[in-house]
Structure formats: structure tokens, C-alpha cells
Ligand SMILES: Nc1nc2c(ncn2[C@@H]2O[C@H](COP(=O)(O)OP(=O)(O)O)[C@@H](O)[C@H]2O)c(=O)[nH]1
Ligand code: SF4
């Protein structure tokens, strides 16, 4: 299989700002994959949102043709990887589509702790790693020292570390040659039954779902009837081909290649990342290993806010889920917020991205409720119920126990931040499991956490106690019983479902105080006294009150001038749009947001 | 059908520190131009078919300081009004500033039936603080002169002055109300309006003090037999301001002069806060360029104006949702299909309205 010898499939592993995009641009340039004119800076990151947040959410493979010094032309397939723990499964699938990875390290910064977890995944996947020091043009570059470090870490000679300046275009050829030399060509029988790994997919409104695949075995052709292992669904291939900047249709895709498939697939859920495609006619016996159904970890209520309505929101969610298979949602009715949805996300970042996309791409304004995980409630009769909406938790006494999801969290951090991190983890009910040394400066700490403790602000906290150096990956390990209670908030005696949270009993008092104080701050004075209470069951555990207004009147209506009154009324009406009536009390939408932002642990 | 006439006189001796009304320092040239334009507008009203079926029954000279109008000019203006063929006068009010008038007999002779006296306070330090040009002594002297000639008159008092013993100030005012048998009083709490000196000086009002004083004034004046008939107005029966009541009842009135407002045939129109608009546009121009209010606007007006008046409004006008709650909390009470405001309701009037609209 000669053609395979010329293929190199790889991705780039790099910390934010270490130069991944710039380097990719240089490679695209040097291979003349697209003309100068087309080369907008940093081709790979395409969503605005990604660019702003400095993370890659969606992978965009790109095929390049490189003429090597040996005179041969090689096919380079560069697969981009998402850069956030919420998407770690996607990362693992992208890596599984490659034979090698380029580890890019900023020569003035050194390797960052967060990079390790992706690097380890790559090593676990048996990828060949090419260490690259970028930004060697910088006066602050520590080329020698970091070459030593990388050589220790990866077991290579310091001379084997490629030194480049992506910005100035220095050392790019060396890197290209190293890719040819170091990264193994793909293998796999082009005549075997088809097994193609889906490492990404997205929704195109004209063509339906476009699936990105790594052909592991066999050959796919236009017109082939294909079948997805996980869903069992069958489709007929309309088009397939390579991906450069755009799509380049071909007649077939063979083992070892990377490309796209269009098969009149209507729903993104039918083409799941990690799933295996085979053919109906000559199906493979087994799917490729490693498929996991991605399950939402974090849930929250989403309700239309100012100027938007339920229908707008519904349509936006429908359209959004066309190209985001990991979001799940179902209708929900809240006493306080009306008709909306309960939605599940991979993590908090994913949740924020969805919220922001709803606004930016669909112009829908929303209020969200406090995020929650999915609890398992075991009823007295043994029935198990899964609850992601705190207001649905059965009354205390009607159930046997509640279990909460636990995760194993692996934190990679420079040594000197160990103690604040351990303290932070313990504050979050994290159970310390082990420490292992990664290199002289870096350790890996393992904890088991209740997922509910880390969804809100744990990552921010972790960054802040480690000056931004520490990173964490987590995986679900099962349900465990917890001393959990539902904390309800009552406003003038009326329970506000949108504010309810399920929380560990020990934490409930702190949280209760924080919520009632926060609400006191954000709810404006009204005609009457507003009493805010926090309760567990029937027991009030915290209370605050907002004194009634004392004066709200224009003394004069001078000379029959009613314009001021009218203006005031208009202002009130405007204000009303941003208010939710809870009983008789007007609660501003900001209140819901403010409660989200409460520091769960304090300090 | 009746219509009121409001005349805004935009000149003062100097600017009080809290004042947001349209008024400038008295200037001769502007003054005569103003009087001529005023008279031409009244003439115009006399000729218009639009006004034919209406009778002017109240006139109100407000300001500014309309007691600065030369008595001969005032006489001319009134004669021009009286010439209006359908006139059937019930009340002609003139706002007077203490110190500007010596002889009230002349006013009586030319037909002014009611005087509204801008006393504001009976404490020299407060008057100075407010930027008023008269003293406590001027106030008392003017009251003596006035009460000799008129029995239908009113005083304006400003209360809740930061830094003073306000209860004492109110007690003083009540004392003089008794002493001079004043049958009507308007008590306005000090409000800090944008663009005033007080606003620039960042003077703050104590809301709790207001809450207390509002109740206290209400109690004191009721003891004297006054009826608290509007948010800030108290009067003995028979002495309410007929003209002002038109505002709350949405009866029609025509406003002449800069920054004056009109309400006529379900249209609202007004002159802007400058001389130019008044000098260049006749009242007919203003009327013609206005639009009729729509149903919803009318309903809202009926609520937020009608509830300022003690007779209240028809219950059918308002949103039902919160009525019983507002009644229970003591902001309103219901009497024969009418919603009426309580003292508590008036203090929080804006919010109250907002629950009912
Ligand atoms: N001096 C210097 N700057 C570089 C080099 N490579 C990238 N940069 C700069 O580093 C910043 C981050 O690069 P980018 O490619 O966006 O990083 P990414 O977040 O890893 O994709 C940008 O401002 C680049 O211009 C380099 O070789 N030398
Ligand atoms: S006298 Fe009246 S109108 Fe003139 S400045 Fe003083 S408060 Fe304003």
C-alpha cells in the first residue's frame, strides 16, 4: 500500500498563545495549500467565540501537500484539537485519528502544566511526539534550558528538539522534515471491511451533517451504503473528499486517509464523535475501540428573558443543537420564570458557550438558573429517580437516600502550588487519593470529588490559587451517597423554584446566608417589606429583609404638566420588562445571575 | 362645556435654589413682547370656531412670579378674557410672592378671586437656604394685608428641609394657618431637580423624614378641619382650587406662555422651555400640530391623574390583579366602585400607579 507511506496524520499540542495557530499558518503557507490572498491570519480557529476565549472548540482538519527534500510529495493531515477540559473526550478522539503530535512550547515560557494532560493522552494513544520550541526569536527565549527539559520529559536528545520561530518563519522546514521522518505512516488494509473513526462532525444547512473521518480500514466510495455502529442508522454517501480550506470532493477515501463524508444525515446525533462507520454490504465485525457516549454533566434551567419569548428560545435551541450534539434539553415550567427548558451540558464552559451563542447567533436573551448536576434519588420503595432540577427533589422523608455523581480529578501543577490546591480540593469535599511526580517541577494530584462541587467556579479558583498554572481533567466514576439537602429560597413566603439548589448539608448554612444577602442587595425596595428566607424543608435557616420604600411621589403636577409623569411611567414600563414578578415582589433578572455568581465556599 | 386658562408668567426677581420652573430674571424688552403675544393669543381664542362651544370658567396666573405683572397689563389681559363671549368665570387665581405686593384691593377690583401666596416657610434661615428673596417678616406682613382683603387664598409651604427641625417648621406653618384663618394650603416636600443649584450642590433628601412629616402634616391639618384632597393640597370645603382640580379630573385647559401645557379635546400640547417657541407659534398652531391620545393613554392618564385626587377613580379602569392586595396593605380603599388613595398610597404614589396600570 504505497500511498499510505506518503501520509502523515498529526495534531498540534500547545498551550494557549504558544503559537499553534501561527505555526499552522506557516505550514499552510509553505505547502501552498491556499494562496497568499486566502491566508487570513490563523486559518484554523474560525468561530469568533473561540477566538475571543482563546480556545479551540471545534476541530478543523486540513490537508496539505509537502514536497520533501527527498523529492517526494507527502500528504500532511493536520487535525486541530479542542483545548478545554469540557471537551477532553473530543481531544482524545482527535488524537486517536493521528499517528503523531507536535508538542509546541513557547521558548520564553516553558511547558505549562495544562499541556501535560493532552500530552499524556497522546502518549497513551502511542503517538510519536515531535517536541518543538517556538518563538526562539524572542530575546527571553531559554532555548538550551528548555531543550534539556523537553529531552528529559520525552526521552529524546536535546538536539532533536526542533527550534522554530513561527512568526519569522525560522525552522519550519526542519519541522516539516521531522514530521516526514518521525511520524509513522498510517497502516490499515484498504480492502478490509470499512472502519472509519468519526472525530468530528458539524451541521451544514445546505448539505446536512458533514462528518470528518479517519479511515482506519477499508475504502469508502460515493454511493456506498454506510452504517453507524453506535446508532445503527444507515445512510448513503452522497459526497466524500479531502478538506483543505474548503471541501475537495473525491471518488473514494482509503484506509489511512482523512476526509469528510456527506450522506444526507439530518441530525448531528446520528454521527457521534468517536463512533465507527462501516458499510452495510460488508460490515466490520467490531467498532473501533474507545467510543463513549458523551453525557451531559451540568444542567441548568434556561428561560427567555427581556424581549425574547419561549418560541424564539425553542427555535434557537433546535437550530443550535443541529451542530452541537452534546447539548440536551427538554421543556420545563418554572413558577418564577415561566416556560423554558432544562438543558444539559458537558461542563460549565460548554454551558457558557451555548448561552453566548444563543445570544450572538440567534439574538435570544436568556435567564439561567443555578447549574446543577444529576442526582440519583432512591425512593423508599427502591425506585431510582434521576433529578437534574432541584425543585423536583421529593420531600425529605419520602426517599431513602440521595446519591451524587463523583468524578476523579487529576490536577497537574507546579510543585509549589500543591498546598493551596490541596486546601481548595478539601474545601470542595475532595478526597485526596495520590500524588505522583511528573518532572522535577511538576506533580500530578489525584482527588475524588463530588461533581457538584466543581461545576461552578472550581476551575477559576484552581487557576487563581496556582497563578494560572494548574489544570485539571476529570472523569465520571459513579454515584455515591451524600448528606445532601435541598435549599429553598422564599420571597415573602413564596418559594422561588428557580433559586433552589441541592447542596451538602455542611455547606447549606453558608450558602443560605450568601443567597439571602445577595438577594437583599439586588432586589429593589418595594411598596412593602420584602422578606427573603432560606429553608431546608420547613426549617428556615437564614433570613434577610428589604425595608419598604418610604417615598415615591412627585409632589407637583405643575400647571397641568403631565409629561414628567408620562416619562416616569414609560421608565417604569421599561424597567418592568427586566423584572420577574414573584408573587407581588418584583425581582430583577440580574438577581438570577447574581445568585449564580455567589462564591460557594467563601474566601 | 368649560375650559380652564393657565397663564405662565416666566419672570422672577432671582432664581430660587430648588426651582426647575421656566423663569428668567425680569427684563423689560422681553416682558412687553411677552404681554403682547399673550394678548394676541387670547384674542385668537376669542375668534376660533374650535373653542366656540367652550366657556372659560377658571383662570390661573402661575409662574415665575406673576405678581410682577404690571396691574394695568393684568387688567388688559383680564379684559381680553372677559371679552370672550362665553366666559362664565368661577375662579381667577394669581400666584403672589411676598414682598412684591402692597395693595391687594387693586387685584380684587380687576377681578382676581383667589390668591396663592408663595410663603414657603416661616423661618429666615430656611428662606435663605432656599434662595428666596423674602423674609419671615415679609411673609407675615403680606399675610396681614392679604387676609384683610381676601378670604379665598392659599399658601405654599416647602417642607423636609435638610438640616432643620422640620417638625418645628411645620408647627410654625400650622400656627400661622390658624392665626390668619388660611383656608387652603399646598405642602410640597423639597425635591431636588436636575439642573437646579441644589442638584449641583448634591443636597440629599431624607426619605424617612418625609415619611414622618407627610403623616404629621396630614394629621395636623385634618385637626383644623382641612380635607387632604390631593397629594400635596389641603383645603377647607369650598376652598379647593377649582382650576387645579381640572388637572386631576382631566377636564380641559389651555396654557399660554412659555413652558405652559394645554389639554384640549383629548390632545395634549405645550410650549417648550424657551421664549422662541411661544413667540413664534400661536396657540392654534400648537393645537393643530398635536395628536389625539389613544384609548390606552387615556386610561393610564385617568389612573395616574385621578388617583392624585381624593375622589379616586372608577374601579373598572385598573388591572384587577393586585387590587385586593393593595387594599389589604392599606394603599387604597374601595368605596362604591371607586378606588380611592390612602395617605400611605400617596406617599408611594408612583409605585402604586404602576401596580394598577
Ligand atoms: N515572537 C514570536 N511570537 C510568536 C511566534 N509564534 C507566535 N507568536 C505570537 O504569539 C501569539 C500567540 O500565537 P497564536 O499562534 O495565536 O497561539 P495559539 O493560541 O497557540 O494558537 C501571537 O501574538 C503570535 O503572533 C514566534 O515564533 N515568535
Ligand atoms: S419665585 Fe418661584 S418660579 Fe421664581 S425662581 Fe423662585 S420658585 Fe422659581
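Read-outs: derived from the displayed coordinates by stated rules, not from any lab. Everything quoted here is computed from the prediction, not taken from an experiment. When we count neighbours, we look across all protein chains shown, and the Cβ atoms used for this are built from the backbone with ideal geometry, even at glycine.
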If I model a spin label at residue A:189 and residue A:550 as a point 7 Å from the Cα along the Cα→Cβ vector, what separation in nanometres do I get? 8.9 nm
Whole-Å distance, taken between Cα centres, linking region B:72-95 and region B:1-56: 12 Å
Can you give me the Cα centroid spacing of region A:403-465 and region A:236-277 in angstrom? 39 Å
Shape category assigned to region A:416-478 from the gyration tensor of Cα positions, a/c cut at 1.5: oblate
For chain A, what's the relative contact order in percent, using C-alpha pairs closer than 8 Å and at least 6 residues apart? 10 percent
Pairwise label distance in nanometres, residue B:296 with residue A:408, each label 7 Å out on the Cα-Cβ vector: 6.1 nm
Set the Förster distance to 35 Å, then compute FRET efficiency between residue B:288 and residue B:199 from the Cβ-Cβ distance, nearest 0.05. 0.45
Which of rounded, prolate or oblate describes region A:534-603 when judged by the alpha-carbon gyration tensor and an a/c cut-off of 1.5? prolate
Angle between the Cα long axis of helix A:348-362 and the longest principal axis of chain A, 0 to 90 degrees, nearest 10? 80 degrees
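Going from the alpha-carbon gyration tensor of region B:295-356, what semi-axes, largest first and in whole Å, does one get by taking the root of 5 times each eigenvalue?
They are 16, 12, 11 Å, listed from largest to smallest.
From the Cα gyration tensor of region A:195-279, with a ≥ b ≥ c the square roots of its eigenvalues, which class applies: rounded if a/c is under 1.5, or else prolate if a/b is larger than b/c, or else oblate? Can you show the working numbers first?
Values: a/c = 1.34, a/b = 1.05, b/c = 1.28.
In terms of gyration-tensor shape, rounded.
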Remind me, relative contact order of chain B in percent, using alpha carbon pairs under 8 angstrom and six or more residues apart? 16 percent
Roughly speaking, what is the centre-to-centre gap between region B:276-332 and region A:325-396 when only Cα atoms are used, to the nearest Å? 44 Å
Grab the beta carbon distance between residue A:68 and residue A:513, set R0 = 56 Å, and tell me the FRET efficiency rounded to 0.05. 0.25
State, as an integer percentage, the relative contact order of region A:376-482 based on alpha-carbon contacts under 8 Å between residues 6 or more apart. 34 percent
What 222 nm value per residue comes from the helices of the protein assembly as shown, counting each DSSP H run with n ≥ 4 as -39,500 (n - 2.57) and dividing by all residues, nearest 500 deg cm²/dmol? -9000 deg cm²/dmol
Applying 1/(1 + (r/R0)^6) with R0 = 30 Å to the Cβ-Cβ distance of residue A:433 and residue A:352, what FRET efficiency is obtained, to the nearest 0.05? 0.55
Quick calc: nm separation of the 7 Å Cα→Cβ label points for residue A:156 and residue B:274 -> 7.5 nm
Taking the inverse of the average 1/r across all pairs of different Cα atoms in chain A, what Kirkwood radius in Å do you get? 26.8 Å
Cα long-axis angle, helix A:20-30 against chain A (0 to 90 degrees, to the nearest 10): 40 degrees
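Could you list B:80, A:124 so that the one with the fewest beta carbons within 10 Å of its beta carbon is first and the one with the most is last?
Working: B:80 17, A:124 11.
The most exposed by this proxy come first: A:124, B:80.
Fewest first, what order do B:231, A:585 take by the number of other Cβ atoms within 10 Å?
Details: B:231 26, A:585 21.
Lowest to highest Cβ neighbour count: A:585, B:231.
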Residues B:171, B:73, A:275, A:270, sorted so that the one with the fewest Cβ neighbours within 10 Å comes first: B:171, B:73, A:270, A:275
Under a no-solvent Debye model with one identical scatterer per Cα of region B:2-248, what's log10 I(q)/I(0) at q = 0.09, 0.10, 0.14 Å⁻¹? -0.41, -0.50, -0.98
Using a 10 Å cut-off on Cβ to Cβ distances, tally the other chain neighbours for every residue of A:560-572 and report the average as a whole number. 6
How far, in degrees from 0 to 90, does helix A:310-322 lean away from the longest principal axis of the Cα atoms of chain A, to the nearest 10? 20 degrees
